[in-house]
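What follows is a single structure, written as structure tokens, with notes after it.
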Amino acid sequence: NPLPLITVVSDPINGTVCAGSPVTLVASGANSYSWTGGVINGTAFTPSQTTTYTVIGTDNNGCRGSANSIITVLTLPVTQIATPTNSFICEGSSTTLNATGNGATYQWYLNNSEIAGQTSSSINVTAEGSYTVITRNLQGCRSLPSSPVVLELHRTPQVAFSYDTYCVGVPLQFTNLSTTTYSGPVQWEWDFGTGALSALAAPTFTYSAAGPYIVKLKVTPTRCPSLARSDIRGITIDKPLPGMRYPAIKALISTPTNLSARLIGGSTYQWTPGTSLSSSVISNPVFNSSNPQDYLIKIRASSGCTTTDTLSVLVFKESGIYVPKAFSPNGDGQNERLYPELVNFASLQYFRVYNRWGQLVYETRAMTTQGWDGVYNGVKQPMDTYTWFAAGTDTNGKLITANGQTLLIR
């Protein structure tokens, strides 16, 4: 019997592959086949080096023929990316990546996606991410991806700040509202407009004089100084208003009486002591007591400035008209004018002052503390005893009259 004629077809047909690529050998001309090198007829395998594979084919008569197939394995090219000078890119600028290796052509990738048109050994990049490169040799073999180079993009900081108070002698806390998450390490530089500086992120500063100031916050990314940005704001530092004494409040015993502190924009209030008041932390509490009381009123403005005023509450048993026994219009600032103290009054019909000869020297219907200054027709009246008359209506609509004498002292 003749020997079987064995033929072999390889895939790829030329029997040449790049390292790591599969090969399929298919023998024909017999009924069964036995390959060297562990090859299974018609099954793909991956050769590690150039090898000659032999197959023995056996036909139905038990006759055997053989054939050889040479598989040439080409070495893969190798490429790497040279370590860049910096692992970051400053916004608005770029950096160059260079590939080294034994390939003929290159292809760059960003985050595993091919970068169109980037086929040279170097690339100029502006975007952050993971860069790799693959090269091919003249035989078309493709290298493994290079080790990745990860670049971070440092962005321009967004600079802003705020502050809580703006009063002389009160520590002013600055709040840093800047966004530097993607700017890398940064340096802070505060200029408070007085020559004083600070490198803290959120400093506290106390101004010693009132007036306008220019405050500047500069943020400099240390890796990208060209991205430095600033926020400049004008601040007007206030000073506390001087404290004042309010006119005394005349209240009836155990009768609710409205009190009132002066209004300062954005203020908070603290009355001390807080006794006999509906609230000690509002501007207009209600007083109710059988005892007189002196109050300190601490008023804190939105600027942080604090002013302390005083108020005395006098307590009377009933509605009435009270006039002092003497007054002294001598320019010393004490008891300069004569006027009626009206307790629980709605209106004043008249307050009249007569000299010893029955001559009317002063009259008013105003419920004020202006009163009589001891002058009549432009002439200072002599030290003497004067008679007064008054009438008015209390808050219950009751008419109340009173009269008496007072001494003018020079």
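The values are calculated or read from the model by the stated rules, or taken from the named source; none is laboratory data. Quantities reported herein were computed from a predicted structural model and do not represent experimental measurements. Here Cβ is always computed from backbone atoms with ideal geometry, including for glycine, and neighbour counts include all displayed protein chains. Ligands, DNA and RNA are stripped out before the accessible areas are found, and what is left, the full protein with its side chains, is counted by its heavy atoms. Shrake-Rupley method; radii C 1.70, N 1.55, O 1.52, S 1.80 Å.
Annotations for the structure displayed:
- Trypsin sites (Lys or Arg not before Pro) within the stretch 313-372: DSSP coil, no more than 16 neighbouring Cβ in 10 Å: K317, K325, R337, R356, R365
- For the stretch 82-207, a Kirkwood radius taken over Cα pairs fed into Stokes-Einstein (25 °C, viscosity 0.890 mPa s) yields D = 135 µm²/s.
- Check: the chain dipole with +1 on Lys, Arg Cβ and -1 on Asp, Glu Cβ, in debye: 1040 debye
- Unit Cα scatterers, Debye sum, the stretch 179-274: log10 I(q)/I(0) for q = 0.14 Å⁻¹: -0.73
- Span per principal axis, largest first, for the Cα atoms of the stretch 215-366 (Å): 95, 36, 25
- Cα-based equivalent ellipsoid of the stretch 22-101: semi-axis lengths in Å, sorted from largest, via gyration tensor: 53, 11, 8
- At a probe radius of 1.4 angstrom, the accessible area of the chain per residue rounds to 54 square angstrom.
- Across every direction, the projection of the convex hull enclosing the Cα atoms of the chain has a mean area of 41.8 nm².
- Against the empirical curve 2.2 N^0.38 Å, the C-alpha radius of gyration of the stretch 247-326 lands at a ratio of 1.20.
- Residue order by solvent-accessible surface for T222, T132 is T222, T132, largest first, with ligands and nucleic acids left out and a 1.4 Å probe.
- A Gaussian network model of the chain, with springs between Cα atoms under 10 Å, assigns the largest mean-square fluctuation among P77, P382, P256 to P382.
- Tensor-based shape of the stretch 209-251 (alpha-carbon gyration tensor, a/c under 1.5 rounded, otherwise prolate or oblate): prolate
- Length-normalised contact order of the chain in % [C-alpha pairs under 8 Å, at least 6 apart]: 8 percent
- Under the combined filter of DSSP loop state and at most 12 neighbouring Cβ atoms within 10 Å, the stretch 328-395 retains these chymotrypsin sites (Phe, Trp or Tyr not before Pro): W357.
- Using a Förster distance of 41 Å, the FRET efficiency for T181-N14 (Cβ separation, nearest 0.05): 0.15
- Length released on extending from N291 to E318, taking residue separation times 0.36 nm less the Cα-Cα span: 8.4 nm
- Note: relative contact order over the stretch 183-261, using C-alpha pairs below 8 Å and six or more positions apart, is 26 percent.
- Set K216/K239; K317/K380; K218/K298 screened for pairs whose C-alpha atoms are more than 28 Å apart: K317/K380; K218/K298
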